[in-house]
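Beneath this line is the structure, given in structure tokens, with notes to follow.
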Amino acid sequence: MNQTYIAVSTDSPSVALDNKSIKMTKKTRKWEVFPGKNKFCCNGRIMMARQTGIFYFTCTLIVVTCGLFFGFDCPYLAVHVTAAIPVVGGALFIFVMATLFRTSFSDPGVIPRASPDEAADIEKKIEVPNTTSPGTYRPPPRTKEVIIKGQVVKLKYCFTCKIFRPPRASHCSFCDNCVERFDHHCPWVGNCVGRRNYRYFYLFILSLSILCIYIFACVLTHLILRSKDDNFLHAMRDSPASVVEGIVCFFAVWSVVGLAGFHTYLASSEQTTNEDIKGSYSAKRGQENFNPFSQGSILRNCLVVLCGPTPPSLIDRRGFVVPECSPIHDGMLASSGKESNAVKIRHENYGSTTHYKNSNNIGTNTAGDPVVVSNGNLPVTKHDMITYQTTDGTVNNHLPTVNDQPPVVFHDTPLVNFPLAEAEVGPYMRDNTNAVSRGCSTELSPL
């Protein structure tokens with residue numbers, strides 16, 4: 001039984017014809033094949049680290065504590081103090097959760113990895129020649145040096161991403177990505193903190209500090225007002241939720257407020273946590289290792305860090321993957337050694353065709369008119385050149401048509417008719433450029 005092949009362009013979804021059905025393969029987005037250790041949700045719109053257990057604990061702790069506050073303390077304080085207390089608390093809660101989600105769900109500034117060609121080009125440029133053994137490969141050096149404001153800054157080569165990292169960038173071992181202006185990996189927010197989400201992280205810990213102090217003060221006020229009618233222990237017994245809130249806020253406020261103060265210092269000096277821990281730069285400009293990224297004043301540094309423009313993402317995680325093109329002709333495949341991306345059509349339900357052995361040239365007339373064969377014999381009709389085998393096994397010379405349309409014709413190959421409805425075929429089979437017969441000199445005729 002002869003077989004016919006249809007090749008599909010690699011820049012369009014692949015089409016598979018089997019038993020009168022066309023299966024469309026979904027296009028692959030870049031986040032689905034992202035090499036880093038990240039987790040994506042909402043079709044790539046949300047990007048997080050894979051270890052998100054502590055992030056869920058953070059959300060639960062904030063929501064439960066604030067829920068107890070709004071449920072047990074706010075009603076009493078709104079009546080006996082002021083109705084503005086629940087309003088202010090609600091505004092702080094919304095701001096804290098918004099900055100938390102913005103920090104956790106965004107790209108921190110991941111730098112794309114080098115493609116194989118780019119990596120080979122980089123390694124070729126930085127390869128150290130071996131005079132003793134020519135052609136011997138040597139690994140590239142780990143650093144390059146650039147000058148920024150008169151200060152020498154080293155650029156380290158990342159053997160994972162195959163790039164020289166920009167200044168202030170570092171490779172995160174948790175996410176397995178190089179991140180611009182890498183600050184640290186924070187498990188409490190479930191993401192790295194870098195150039196694109198640092199300001200939201202700072203606003204999160206700053207607003208969370210204010211919220212903790214606010215709830216703790218309101219809880220104490222609530223218990224003190226209740227203790228006026230009775231002692232303090234009875235007030236704690238009458239409002240156990242306030243006791244739980246007070247304990248949580250008391251232990252949280254020290255770490256959160258301290259963290260907010262530390263990052264306030266970093267923002268005012270234009271440093272990152274990674275640089276501060278390593279002692280990369282000095283705050284004094286006269287020193288040998290002064291910070292070349294400082295703007296010269298505390299106000300300018302804070303404005304740059306907190307109010308500067310957010311750079312766009314470099315990884316285009318919602319873009320489509322464009323596969324490489326490959327040849328489809330058998331001769332080209334044999335010479336290149338690559339596998340064909342042609343879609344094979346099964347003919348069990350389409351019938352089979354048999355070529356007329358004595359014909360050297362077959363015409364393309366499908367209306368049943370005589371076709372003159374170039375060997376000089378009498379005119380031979382289409383029925384003399386092919387036979388059609390139906391699904392029940394009978395053989396005849398009739399090629400069925402669909403909706404009175406002429407059958408699909410291959411030049412210089414057996415004539416084949418595909419009994420597919422127009423709705424099943426779609427635009428891919430109607431495009432002549434997407435359907436090519438194996439060994440044919442011309443393309444597949446449109447349906």
Discussion item. Run the numbers for residue 210 and residue 156: contour at 0.36 nm per residue of separation, minus the present Cα-Cα distance, in nm.
Written reply: 15.5 nm
Worksheet item: FRET efficiency for residue 28 and residue 142, Cβ-Cβ distance as r, R0 = 35 Å, nearest 0.05?
Response: 0.55
Response to the item:
Within the under-15-Å Cβ sphere about residue 212, not counting residue 212, Lys/Arg +1 and Asp/Glu -1 give a net charge of -2
Discussion item. Report the Cα centroid-to-centroid distance between the stretch 262-283 and the stretch 183-197 in angstrom, as an integer.
Written reply: 16 Å
Item to complete: Mind checking the full-extension length gain between residue 94 and residue 120? Use 0.36 nm per residue of separation minus the Cα-Cα distance, one decimal, nm.
Response: 4.5 nm
Worksheet item: Each label point is 7 Å from the Cα along the Cα-to-Cβ direction; what then is the distance between the points at residue 64 and residue 174, in nm?
Response: 2.1 nm
Fill in: Cross-link pairs 37/162; 30/156; 37/125; 154/278; 125/156 - those with Cα-Cα distance over 19 Å
30/156; 37/125
Practice prompt. Would you mind getting me the FRET efficiency between residue 307 and residue 225? Use the beta-carbon distance for r and R0 = 45 Å, nearest 0.05.
Written response: 0.65
Practice prompt. DSSP loop (so not H, G, I, E, B), at most 11 other Cβ within 10 Å: list which trypsin sites (Lys or Arg not before Pro) in the stretch 188-233 pass both filters.
Written response: 228
Item to complete: Provide the gained length on full extension for the span residue 83 to residue 289, in nm with one decimal, where the gain is 0.36 nm per separating residue minus the Cα-Cα distance.
Response: 68.8 nm
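Quick note: the coordinates plus some simple rules give every number you see, no bench work behind them. The shown structure was predicted, so the numbers you read here are calculated from the model rather than taken from an experiment. Note: ideal-geometry Cβ built from the backbone for every residue, glycine included; neighbour counts use all protein chains shown.
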